[in-house]
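Each value in this text was obtained by applying a stated rule to the coordinates, not by laboratory testing. What you are looking at is a predicted structure, and each value in this text was computed from that prediction instead of being measured. All Cβ positions, glycine included, derive from the backbone under ideal geometry; neighbour counts span all protein chains shown.
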Amino acid sequence: MNAKTTRQKNQEAKEFSVINTLSAEERQSRIDGLLNTMQAKTWHDLETSGKFDKNAKLSFISEDMLIVGCDIGSETHYLRAIDIRGRELSKKPFSFTNDEEGFESAKAWMVELAAVNDKKQIVLGLEPTGHYWFCVATWLISNGISVVQVNPYAVKQTKEVEDNSQLKDDRKDPKVIANLVMNGNYGMPYLPEGVYADLRSLSLLRSQLTENRTRCTNRLHRLMKIHFPEYKDAFGKADGSFAVEILKVAPFPEDIVELGEDGIREIWHKAKLRGRGYSRASEIFRYASVSVGKKEGAESDRYSVKCF
C-alpha cells in the first residue's frame with residue numbers, strides 16, 4: 001500500500017469519525033439549516049443565459065455538493081451518494097417507492113447524508129427511463145434538489161469499462177450515474193411548465209392520433225384491395241365523406257349490390273350529405289356488380305372495415 005493510499009484512508013477514517021461523533025442536536029441543527037438553504041437549479045437557471053458547456057457543468061458541481069445517482073424503475077428507485085472526489089458516502093443503495101411516502105423518505109435520506117457530511121446543496125443524476133422519471137424529478141426539484149440527466153449510452157459504456165459487464169445492476173447503476181455527474185457528463189432536463197406543458201401534451205396527442213389514423217387507413221385499404229379491388233374507381237376519393245358513409249354500412253361488393261342504387265342514395269340522404277356525390281351511385285353499383293374481390297373471410301373482414 002503506497003503513502004498516497006494510506007493518507008486517503010486515514011483522511012476518510014477521520015471524516016467518518018467526525019460524522020459519528022455528531023450529537024443528535026447538532027445533526028438535527030445541520031439538517032434544519034440545509035432544508036432552509038437548499039435551492040434547486042433548473043435548465044432555466046443554467047442554460048438560458050448562454051451555452052452550458054462541459055466547463056460550466058464541472059463548475060456547477062462544487063465541493064459543498066452531495067452528488068446522488070438514481071437508478072429509475074417502474075415502481076422502485078435506488079440511490080447512492082458520493083462527494084466531488086468520488087468517495088462513496090452511502091454505505092449501501094437506498095431504495096424508495098414511486099409515491100409520496102417514498103419521495104419523502106428519499107429526501108430525508110439525502111438531506112441527512114448531506115448534513116452529516118457538511119454539504120450545502122444536493123444534485124441528483126438519473127437515467128431518463130421512459131416516463132418513469134417525470135414524477136420523481138418534478139417532485140425533487142420542487143423540494144430544492146437539483147436534477148440532471150445522463151445519457152443511457154454513457155451509462156452502458158461506463159459499466160462495461162468498470163467491470164467488463166453491461167448487465168443491469170440496481171446496486172451498481174446509481175454509482176455509475178453519480179460518477180458521470182461528478183465528471184460533468186450530464187445535461188439539464190427540460191420539464192415544461194404551465195401552458196407549455198399543455199402544448200407539449202397536446203402536440204404528442206396530435207402526433208399519436210395522426211399515426212393511428214394513418215395506420216387504420218392503411219389497414220382499411222388493404223382489406224378493400226382484397227375484397228373490393230375496384231373500390232378506388234368506384235368511390236373516387238376512398239376516404240371522402242360519401243365513401244365513408246357507404247363503408248360503414250355496406251363495405252363489400254355483395255353488400256352494395258344488395259343495397260342497390262336507391263339504397264346507396266338513401267344512406268347519403270340519412271347522413272344529410274349534399275353535393276355531386278349522388279351521381280356516383282350508379283358507378284358504385286356497377287363496379288360492385290362485376291367485382292372480382294375475394295369472397296372467403298368476408299364476414300370477419302367486414303367487421304374489421306366497420307371498426308376502421
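When +1 charges are put on Lys and Arg Cβ atoms and -1 charges on Asp and Glu Cβ atoms, the dipole computed for the chain relative to its Cα centre reaches about 860 debye.
Overall dimensions of the range 28-115, expressed as equivalent-ellipsoid semi-axes from the Cα gyration tensor (√(5λ), whole Å, largest first), are 24, 17, 15. Ranking 124, 136, 157 by Cα position along the charge dipole of the range 26-180, where only Lys, Arg, Asp and Glu carry charges on their C-beta atoms, puts 157 farthest toward the positive end. Of the cross-linked pairs 272/295; 54/156; 120/156; 120/159; 57/107, those separated by over 27 Å at the C-alpha level are 272/295; 120/156; 120/159.
Rounded to the nearest 10 degrees, the inclination of helix 133-142 to the longest alpha-carbon principal axis of the chain is 50 degrees. If I take R0 = 25 Å and measure r between the Cβ atoms of residue 221 and residue 303 in this structure, what FRET efficiency does the formula 1/(1 + (r/R0)^6) give, to the nearest 0.05? With a Förster radius of 25 Å, E is 0.90. Here the Kirkwood formula puts the hydrodynamic radius of the chain at 24.6 Å, using every distinct Cα pair. When each of 126, 58 is scored by the number of other beta-carbon atoms lying within 10 Å, the sequence from fewest to most is 58, 126.
Among 143-149, 112-118, the peptide with the highest mean count of other Cβ atoms within 10 Å heads the list, and the full ranking is 143-149, 112-118. Using 1/(1 + (r/R0)^6) with R0 = 45 angstrom and r between the beta carbons of residue 157 and residue 44, what's the FRET efficiency to the nearest 0.05? Once rounded, the FRET efficiency stands at 0.90. Protection proxy ranking of 59-68, 29-38, by the mean of other Cβ atoms within 10 Å over each peptide's residues and highest first, is 59-68, 29-38. Extension gain, residue 238-residue 59: 0.36 nm per intervening residue step, less the Cα-Cα distance, totals 58.3 nm. Taking 0.36 nm per residue of sequence separation and removing the Cα-Cα distance, the residue 249/residue 108 pair yields an extension gain of 44.5 nm. Sorting the segments 223-235, 284-296, 188-200 by their mean number of nearby beta carbons within 10 angstrom, highest to lowest, gives 223-235, 284-296, 188-200. Computed over the range 195-307, the P(r) tail beyond 26 angstrom holds 27 percent of alpha carbon pairs. In straight-distance terms, cross-link reach from residue 51 covers every one of the lysines whose alpha-carbon lies under 17 Å from its own, apart from those fewer than eight places away in the same chain; here that gives 41. A simple spin-label model places the labels of residue 74 and residue 202 3.2 nm from each other, with each point 7 Å out along Cα-to-Cβ.
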